[in-house]
Amino acid sequence: MDIQTFKKVFSQDRTQRYLDKFPNDEDKAMLYYKINLQISEAFYPILSILEVALRNSLNRELTKHFGTTEWHTHIAATIGLKGINQDITNAIRFITKRGETINSSKIVSELTLGFWVRVLNVEYEKILWKSLRLAFPYLPKQERKRHRVSVPLNNIRNFRNRVYHNEPIAWNFDKLVSIYDEINEVLGWLNSELPQFAKEIGRFELVMIQAKKELGYSG
């Protein structure tokens, strides 16, 4: 692909970040764009596993906390939790717009990763954390503090959004390995078997090896 086609297909604004990074090497800029896509794709399995496992684990604890699978109906009426009710309202609106019947399972599935991470924020700690900490049974009890869970999950959520919106993530390979390890660590807090499961179906390591080879990295 020549540089003009590259700019036309992927847009001037999006490709300019790569061209600015390598102002004198258009081929390397286009190579980095390709590698960025490949690495982003390699993160999809482990991010998907985390999102589903986190959602289901927190849903179980919210069900116990409120004593009903329809815990979402209690959020707006609970003092201190109104800040997360908009997410539930949005989920219901999207389900309704699709012409589907509203039920608890669909609402839980429709809620974004942002919602599940937000329920662990400091403003909800006194109301929810005592219950929600049990969603991380494999995190050692002495470490089972809200901020210990919330900080990495917010980092992962921010990274996940960059991946899903096709933003540049591949400038620093060491940081990629660090975030991959962080995701694995959180998976292990949810279930001790999940990191191995993610490794068996993922190919992050192989993609990183190939990317370094294409870029001529020796390390």
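None of F43, F66 is of a type in the set (A, V, I, L, M, F, W, C) and free of Cβ contacts under 8 Å to residues at least 60 places away in the same chain except F66. Screening the candidates D13, D27, D20, D87 for the property of being without any contact (Cβ under 8 Å) to a residue 60 or more places away in the chain and closer than 17 Å to I127 by Cβ yields one hit, D87. Only one of the listed residues (T69, T5) is at pLDDT 85 or above and at negative phi. That residue is T69. If only residues of region 102-115 that are of a type in the set (V, I, T) and under 24 Å from the mean Cα position of the chain (by Cα) are counted, the one that is surrounded by the fewest Cβ atoms within 10 Å (Cβ to Cβ) is T112. Counting only helices (runs of 4 or more DSSP H) that sit completely within region 120-213, those holding 2 or more residues that are among the small types (G, A, S) correspond to 173-190. Looking only at region 160-202, residues that are touching a residue at least 24 places away in the same chain (Cβ under 8 Å) and surrounded by 14 or more Cβ atoms within 10 Å (Cβ to Cβ) come to 22 in all.
A quick yes/no check of all residues on (1) surrounded by 19 or more Cβ atoms within 10 Å (Cβ to Cβ); (2) over 25 Å from E185 (Cα atoms); (3) aliphatic (A, V, I, L, M):
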position: I92; (1), (2), (3): no, yes, yes
position: E100; (1), (2), (3): no, yes, no
position: V117; (1), (2), (3): yes, no, yes
position: E123; (1), (2), (3): no, no, no
position: Y138; (1), (2), (3): no, no, no
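Filtered by the rule that a residue be surrounded by fewer than 15 Cβ atoms within 10 Å (Cβ to Cβ) and within 13 Å of E185 (Cα to Cα), region 149-158 gives a lone residue, V151.
Among the residues examined, S57 qualifies as closer than 30 Å to S192 by Cα and either of a type in the set (G, A, S) or touching a Pro at 6+ places or on another chain (Cβ under 7 Å) (or both). Counting only residues that are surrounded by fewer than 15 Cβ atoms within 10 Å (Cβ to Cβ) and either under 23 Å from the mean Cα position of the chain (by Cα) or of a type in the set (A, V, I, L, M, F, W, C) (or both), region 18-33 holds 1 of them. Taking region 37-118 as the region of interest, the helices (runs of 4 or more DSSP H) fully inside it that hold 2 or more residues being within 30 Å of A170 (Cβ to Cβ) are 113-118.
The values are calculated or read from the model by the stated rules, or taken from the named source; none is laboratory data. Note that the coordinates shown come from a computational prediction; the quantities given were computed from them, not determined experimentally. Positions of Cβ are backbone-derived with ideal geometry, glycine not excepted, and every protein chain shown enters the neighbour counts.
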